[in-house]
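A short worksheet on the structure shown next.
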Amino acid sequence: MVSKVSIEVRGFDISAVSFKSRSYAVQSTEFTTVLDALLSIKETIDAKVSFRYSCRMGICGSCAMVINGKPRLACETKISELKREGKTLVVEPMMGRPLLKDLVTDFDDFFEKHRSVTPWPIRANDSDRFDDKKALPQNDYERDSFLPFAECIKCGLCLDACPVANTNKEFTGPQALAQAYRYYADSKDQGARKRLEYLDSMENVWGCEFAGACSVVCPKNVDPALAIQLLKAEIAKYRLTGKVPK
Ligand code: SF4
Ligand code: FES
């Protein structure tokens, strides 16, 4: 069944350095997503509405925004589900990020933090990583120990939801720390000591207050809050024994 819904876009107006609110009426079916509605607005009503997207299927992580007060992927959020929540539909940019234009935010700092945790397997001999004759097989147990954390699509929702990251820009944040654990737990990684020593600081794991909001909003069930607690436990064991527990 097709119905008409009102969607309010509270975007950032860079020329006025303030937020601008506009409301649009769009057609919606049971399956219409917020991204579909925004595309329809852009194509038929207001070409100036700006947002980021690519895959439209929850893979690229580009369409992250705040929808009815919660950080979500626009392509995975159905308007019919929001209506069941009984709220007016309001979309805003992610507030923890530098604002660029309308619903578009800057990810430079996000990827800098991601890079800071060395998000690739560290090898004693770095050329291993590029030598296809040196296959590094893993059994199911070894794969399962990091695989759930490897599902991250780098959408930034967890960082936007994190109360610590929103008040302390030095904090590395849940996305990067979850990836730090993902590589620490990977049997191919030989950088465990280096990782534990690097992550043992207030800017890294000890900054986490275990609010858990990151894991609630993650669309891929990565559970960054769990990853950070696992890292804390590994660092504590290392501190107590002097031995890398892995
Ligand atoms: S951990 Fe989840 S919420 Fe955070 S960036 Fe990755 S996919 Fe997005
Ligand atoms: S458009 Fe790719 S995750 Fe939404």
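Which ones in segment 37-71 are of a type in the set (S, T, N, Q) and closer than 18 Å to P98 by Cα? Residues satisfying the conditions are S50, S62.
Residues in segment 140-164 that are in a helix (DSSP H, G or I), touching a residue at least 24 places away in the same chain (Cβ under 8 Å) and more than 11 Å from ligand 1 (Cβ to nearest atom) were compared, and the one that is surrounded by the fewest Cβ atoms within 10 Å (Cβ to Cβ) is P163.
K188 falls short on exactly one of the conditions (1) modelled with pLDDT of 95 or more; (2) more than 30 Å from V104 (Cα to Cα), and that condition is (1).
Tell me which residues, restricted to segment 108-158, are closer than 21 Å to E203 by Cα, within 16 Å of ligand 2 (Cβ to nearest atom) and among the charged types (D, E, K, R). Passing the criteria: only K154. With respect to the conditions (1) under 21 Å from the mean Cα position of the chain (by Cα); (2) more than 14 Å from ligand 1 (Cβ to nearest atom), G61 lacks only one, and its number is (2). Filtered by the rule that a residue be in a loop (DSSP other than H, G, I, E, B) and hydrophobic (A, V, I, L, M, F, W, C), segment 55-110 gives C55, M57, I59, C60, C63, M94, M95, L103, F107. Does R195 satisfy the criteria of being among the charged types (D, E, K, R), crowded, with 22+ Cβ neighbours inside 10 Å, closer than 30 Å to T77 by Cα and in contact (Cβ under 8 Å) with a residue 24 or more places away in the chain? Judged against the criteria, R195 is not a match.
The set of residues in segment 189-221 that are within 10 Å of ligand 1 (Cβ to nearest atom) and closer than 30 Å to N125 by Cα is empty.
Residues that are part of a strand (DSSP E or B) and under 24 Å from the mean Cα position of the chain (by Cα) were ranked within segment 14-54; the one that is nearest to C152 (Cα to Cα) is T33.
The listed residues are T29, T33, T77, and the only one of them that is exposed (fewer than 15 other Cβ atoms within 10 Å of the Cβ) and either out of contact with any His (no Cβ under 6 Å at 6 or more places or on another chain) or more than 21 Å from Q175 (Cβ to Cβ) (or both) turns out to be T29.
The values are calculated or read from the model by the stated rules, or taken from the named source; none is laboratory data. Just so it is clear, the model here is predicted, and its values are computed rather than measured. Positions of Cβ are generated from backbone atoms using ideal geometry, with glycine treated the same way; all protein chains shown enter the neighbour counts.
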